[in-house]
Structure formats: structure tokens, C-alpha cells
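Written out below as C-alpha cells is the structure these notes cover.
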Amino acid sequence: MNTGNRMHIAVIGTRGVPAQYGGFETAVEEVGKRLAARGHRVTVYCRNEGQTATEYLGMELVNLPALRKRSLETLSHTALSVRHATRRRNRPDAAVVFNAANAPFLARMRKAGVPTAVHMDGIEWKRQKWAGAGAKYYRWAERKAAAEGLALIADAQGIADHLWNEYRRHSYVIPYGAPILSPGLDLLKQHDLEAGGYHLVVARMEPENHVHMIVEGYTLSGSDVPLVVVGGTPYGNEYIDHVKRLAGRSDTRFVGAVWDQQLLNQLYGNCRSYLHGHSVGGTNPSLLRALGCAAPVSAFDVNFNREVTAGHARFFRTPEEVAAVIRADDTDAEDALLRGKAGQEHVSVAYRWEDVTADYEQMLLEIAGRKGGSTPALVETRFPRPALAAPGRTARRATRQLRRDNA
């Protein structure tokens, strides 16, 4: 890389690294360590209690406190992180702020002269856990983030389309990467399971992830193998109690959250089918992990899931359709295995972390006003979709418009 293009990059708005929680944190770790390996100085703002490390995989860590309350944790930590990052001695050359909920602090980044890109995440105001005041806040925050004039990141074309349709804003389309794994099976005995002998759900217990629909469909299917449900209930038990009632006397096994990544990968890699009910996010990391482990996927029929799976999945929208896809995989397990292998091959090409990193790097170079670099131009992205979303425009015209938007 041209040394003149080495940058100090700040990453704000997540729990930080090491990645122990979700998709944001995994993206920060995978992209951050690769940017550091390319010669950039990467500072990640963290909110991990008890964490004393100041460096991880080449990234600098700044651990700051947060109010441990659902509605305030992210905002309180981001407020401190933005204050720290905009001090003159800490000021980065460019920054990525994850989560549109952090919109109240974007003006300070702009006024401090820090070129900033905002990762907009999914359409959060549609999540039922934020019903009422929470949904109103998330919708306001999305609108405010779009209005700040900063670069926007969408992790799926469907999110980019939403940002264009609602706010006439162009965005960089940069999804997550998929780990390509052959995880083995020795840990399955912990749950009395065997390869190909169970169907799988991995999801937080929230209505928009449709675990209730999957469990009800499984009970209708008459499957001869258990349904394993992995996932915690971060904000109360009412929903999981409802799901358990739907399970009745079926062989549905609720194992709770699984933090052992090797065990989780083996669950993905050896299931008869993986049932993915997420409906309001963009490119979902658990779906990519399932595909990367060659799990045969059946997914809730929404544009994000069709985009990621690219023809390598079955789809459902009702409990009866869930029952039908389960019966199909029970009847022809060989066809299910072939679908899983094809899905793995697809994501191994289309969702590579190296390519994701290259696109983040080029985006950061562009918003910081740098030229050149070690990667191709973003408009020549290797993902099989436009790198910038703008219906009716070519990618190059979209790039020029983005620069005018953010001037």
C-alpha cells in the first residue's frame, strides 16, 4: 500500500472486540484485523466489563463504560466514544459508526471534521421488541442518520433500496463475510445428537425471527427427528413461554444460548436442515454461518434471505409451509445435502471477508478524500451486486452522486 494512504480508523457503536456477541462485533473483528494487517491504525471502542486489554489482533482497544440498561447502553457508550474520538489528539482520519440508533452523535463527528460512514443495520423500528416509544425512536434515528449527509453503509441490497426509497440516499452496499467451515461432529454427543439426525433453529427469541412459526410447523410435520432450538431470551420470558406451548409434546429441544463457537458450528454443519426465520434485518450473520457450514437452508420468504441464499434455499411464510419444507428434507436427505454444499460454494465466492475488507478500505479512502490504495475501486466490487445502491443509475454515476450528497 502507498504509505500516504495509511489511515487512523475509528470504529464506534458496538460492544467491541474480541467478538463475543453478534454480527456487528464479528464484522468489526474480521474487518478490523485485516485493515490493521494492511497497515492502518484501527481503534475500536469497546464496552466489555472487566476488559483490560488495550490491543487485540493488531487493533487498539479503548474500553469505556456504559449504563447497563437496554434503552441506554448503546447510546451512553457511543456518547463517550464520540467525545473521546473527536478530541484533537485522538481524532481519526475516518470512522465507522455502527447502528443508526447512534444518530444523535453524528453531528459532532461531522462538526469535528471526521469523515464518517454510518452502518445503518436492519430496519430496527419494525422489530416488535421496540414497539411503542422504542420504534418511534428508531424510526426517528434512521431518518436523522440519513439526513446528516454522511456516507451510509447497507449490508444488503434490500436495505440500500429502503434507504433510497425512503430518503433518496445512496449507500455503499457491503455485506458481512461467511466463515467456510468443516466443523466435525464430536461435540454433538453433549446434546445426544448425531449427524443428519435433527433440524435446527438458531435465533434470539423475538417474534420477528419467527421461532414460533417454525416450532408450530415442526409439530405439524410429523418429523422423525428432533428440532433443536438454540437461542436466548435477552428481554423476558413471555415469548419463549408461548413458543414452548406451541411445541406441546413434540420432540422440540430448547438448549438456550450456545456460546461455544465450535459446538455451534458443529450444530450448523451436521443438521438435516437449518430453519432461518429472521425477517427484518439485512445480511444475517447466522444465515451466512449456516451456509458456510454447508447446512441445508430453509428460510422465511423475505427479500434479504433470498438475496443471501441466491437460489440455494427453500422458503416458507406459514406454519404449513414450514411443515412442507421439513417433510421434503426428511424425505430426500441426499437432496438436502446437495443444497447445503451448493450454498456453501456460493458464499465462499460471494461473501469473502477479504473482499468485505477491501470494500471497507476503499470506502474509507474515498470518504477521507484519499486516492489510490491497494484495492480496486469500490464501483468494481467483487460482490455480485452493485456496490452502491441507486435504482436506475450505473455504479459510477452513483459514486459521483454520493460524493455530491456528502460534499
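Of note:
- Restraint check, Lys111/Lys136; Lys69/Lys144; Lys244/Lys341; Lys69/Lys136, Cα-Cα greater than 28 Å: Lys244/Lys341
- In the range 156-227, Cα pairs under 8 Å separated by at least six residues give a relative contact order of 22 percent.
- Short-range pairs are left out: with C-alpha atoms under 8 Å and at least six residues apart, the relative contact order of the range 202-320 is 28 percent.
- Tensor-based shape of the range 218-271 (alpha-carbon gyration tensor, a/c under 1.5 rounded, otherwise prolate or oblate): oblate
- Cα-Cα P(r), the range 81-225, percent of pairs per 10 Å interval: 10, 27, 26, 19, 14, 4, 0
- Mean Cα-pair separation over length for the chain, i.e. relative contact order, pairs under 8 Å, 6 or more apart, %: 16 percent
- Considering only Trp140, Trp353, Trp259, the Gaussian network model of the chain with Cα springs below 10 Å gives its largest mean-square fluctuation to Trp259.
- Computed over all pairs of different Cα atoms, the Kirkwood value for the hydrodynamic radius of the range 71-125 is 11.5 Å.
- By definition, a body whose alpha carbon gyration tensor gives a ≥ b ≥ c is oblate when a/c is 1.5 or more and a/b is not larger than b/c, and the range 273-358 fits this oblate description.
- The residues neighbouring Leu193, those whose beta-carbon lies less than 15 Å from its own, together hold a net charge of -3 under the Lys/Arg +1, Asp/Glu -1 convention.
- Burial ranking of peptide ranges 211-218, 187-194, 77-84 (average Cβ count within 10 Å, highest at the top): 211-218, 77-84, 187-194
- Counting all C-alpha pairs of the chain, share separated by more than 29 Å (%): 44 percent
- Cα-based helix-to-principal-axis angle, 211-221 vs the chain, degrees rounded to 10: 30 degrees
Rule-based calculations on the coordinates, nothing more; no lab input. Just so it is clear, the model here is predicted, and its values are computed rather than measured. Glycine also receives a Cβ, built like all others from the backbone with ideal geometry; neighbour counts cover every protein chain displayed.
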